[in-house]
Amino acid sequence: MTMDGEELTEQETALYDRQIRVWGADAQRRLSKAHVLVGGMKGTIAEFCKNVVLAGVGSVTLVDDSPVTEESLNANFLIPPDDKVYNGKSVAEICCSSLKDFNPMVNVSVEKGELSSFGTDFFEKFDVIVVSCCSLSTKKVINDKCRKLSKRIAFYSVDCRDTCGEIFADLQDHSYSKKQVDETVECTLHYPSFSEAIAVPWKSLPKRVSKLYFAMRVIENFEEAQGRKPGEISAADLPGVLKLRNELCEAQSVGESQIPDALLERLVSSTLEFPPVCAIIGGILGQEVIKAISCKGEPIKNLFYFDAMDGKGVIEDISIPDPTC
C-alpha cells in the first residue's frame, strides 16, 4: 500500500518516538497518511479503534447510526455509562467523542447512513475498510466495491460471538517486507475476495481447518435465509441452525462432526460479545491493519480464529485452489 506525502512533523516524531524505534519512520509516515473507515461500533471494533488511533493513523471515520442499547454497553468501553450524555446521539457519535481524547492528532469523524448503500466512489477516500457484525450480503457488497476501484483498498470483516472471534482479510495483491535471518526480503501475497473465500468447496479444504470456519458460515447463512440481522438469533433457533448445518454438510460432502452441535449451541445461545475476547480480537486486528498500511511484517492470509474455550488462535488460508497445481 503506497502512500506518498510529507515527512513526519516534529510533533508527530516526538509523540510516536517509541513506535518509530520499533517499525521505523517510513512506517509511521504511512500510518499518519492512512484513512480508515469503520462500520459497526461493537466491542471488538472499539478495541480496534483505540489501538489504531493510539498508533497514529491519519483519520478514522465511524459509521453506525444505531442508538445506545444495553447490549452495546456490554463490551463497548467507548460508551460512557452516564446516559445523560447520549441525548439522542448514535453509537458512532458517542464513540467519536471518546476516541478523540485518546489522540488529538488523529482526525476522528462520523459518517451517517447505511454502509452497504454508499456508492463505490465513496470508498475510494479510504485506505482500509473494516466492517463488524455485518450480514453475509453486506460483506460481499462492500468487499466487491473495494475491488472495483483502481486504488487498492485493504478490506477486513470481524465478528465476535460469545467467546469466539473471526477476522477475514482481503489485501488483494499485497507486497511487504520481512526480516529473515540477517536480511530483509520482499514478499507478495495474493488474496481472494470474501465471496471467493466462502465459495471454496468444503471437501477440498484440509481436514484440520478450524471448526469455527464452518460454524460461522452456517450461522451467517441461517441469518441471511431468515432475514435476521447479525446476532438476532437465540437458543430457540438451534433446531433450525442444526437443520441447515445438516443440509450444508450433505451438499458439501462433509461430515456433520466437522461442525459440532455444542459449538453451534454456544454461538446461538449467547450472541453478546465477551469483553476479554473483544480485547484479543481487537488487538490482533489493530496489528494486522498496521501491517497492511506500513507494509512491514507478514500479515494473516486470510482468516483468523480465536476461541477462549481453548485459548488458541488459528490462521487459516482459505483460497481458491489453483487449477494449474
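Set side by side, the residues Ser253, Ser257, Ser294 differ, and just one is of a type in the set (Ser, Thr, Tyr) and closer than 20 Å to Asp127 by Cβ, which is Ser294. Of the residues Val63, Val91, the single one that is closer than 20 Å to Lys125 by Cβ, of a type in the set (Val, Ile, Thr) and in contact (Cβ under 8 Å) with a residue 24 or more places away in the chain is Val63. Checking the structure you have, find out if any residue of the stretch 50-69 is over 21 Å from the mean Cα position of the chain (by Cα), of a type outside the set (A, V, I, L, M, F, W, C) and open to solvent by 40 Å² or more (accessible area, probe 1.4 Å). The answer is yes; a qualifying residue exists.
Within the stretch 122-131, track down each residue that is touching a residue at least 24 places away in the same chain (Cβ under 8 Å) and either of a type in the set (Phe, Trp, Tyr) or in a helix (DSSP H, G or I) (or both). Walk me through how you get there before you give the answer.
To start, the set of residues in the stretch 122-131 that are touching a residue at least 24 places away in the same chain (Cβ under 8 Å) comprises 123-131.
Within the stretch 122-131, Phe123, Phe126 meet the criteria.
Residues that are open to solvent by 10 Å² or more (accessible area, probe 1.4 Å) and in contact (Cβ under 8 Å) with a residue 12 or more places away in the chain number at least 1 in the following strands (runs of 3 or more DSSP E) confined to the stretch 132-229: 154-161, 173-180, 183-190.
Say whether the condition of being hydrophobic (A, V, I, L, M, F, W, C) and touching a His at 6+ places or on another chain (Cβ under 7 Å) is met by at least one residue in the stretch 120-142.
First pass over the stretch 120-142, keeping only residues hydrophobic (A, V, I, L, M, F, W, C): 122-123, 126, 128-131, 133-134, 136, 141-142.
Among the residues that remain, those that are also touching a His at 6+ places or on another chain (Cβ under 7 Å) are: 126.
Yes, the stretch 120-142 contains at least one residue that is hydrophobic (A, V, I, L, M, F, W, C) and touching a His at 6+ places or on another chain (Cβ under 7 Å).
Could you please find all residues in the stretch 20-42 being touching a strand residue (DSSP E or B) at 6+ places or on another chain (Cβ under 6 Å) and open to solvent by 20 Å² or more (accessible area, probe 1.4 Å)? Scanning the stretch 20-42 gives Trp23, His35, Lys42.
If you go through the stretch 268-312 and pick out every residue that is in contact with an Asp or Glu (Cβ under 8 Å, 6 or more places away or on another chain), under 30 Å from Ile153 (Cβ atoms), surrounded by fewer than 21 Cβ atoms within 10 Å (Cβ to Cβ) and aliphatic (A, V, I, L, M), you end up with 1. Against the test of being assigned to a helix (DSSP H, G or I) and over 21 Å from the mean Cα position of the chain (by Cα), the options Glu265, Glu288 yield a single qualifying residue, Glu265.
The set of residues in the stretch 104-131 that are at pLDDT below 95, under 16 Å from Asp64 (Cα atoms) and of a type in the set (S, T, N, Q) comprises Ser116, Ser117.
Inspection of the stretch 96-116 finds no residue satisfying the criterion of being assigned to a helix (DSSP H, G or I), without any contact (Cβ under 8 Å) to a residue 24 or more places away in the chain, surrounded by fewer than 21 Cβ atoms within 10 Å (Cβ to Cβ) and of a type in the set (Asp, Glu). Against the numbered list (1) in contact (Cβ under 8 Å) with a residue 40 or more places away in the chain; (2) over 28 Å from Lys179 (Cα atoms); (3) within 17 Å of the chain's Cα centre (by Cα), Pro276 comes up short only at (1).
The values are calculated or read from the model by the stated rules, or taken from the named source; none is laboratory data. What you see is a predicted model, and the numbers here were worked out from it, not measured in a lab. For neighbour counting, all protein chains shown are included, and Cβ atoms are generated from backbone atoms with ideal geometry for every residue, glycine included. Only protein heavy atoms, including side chains, enter the accessible area calculation; ligands, DNA and RNA are left aside. Shrake-Rupley method; radii C 1.70, N 1.55, O 1.52, S 1.80 Å.
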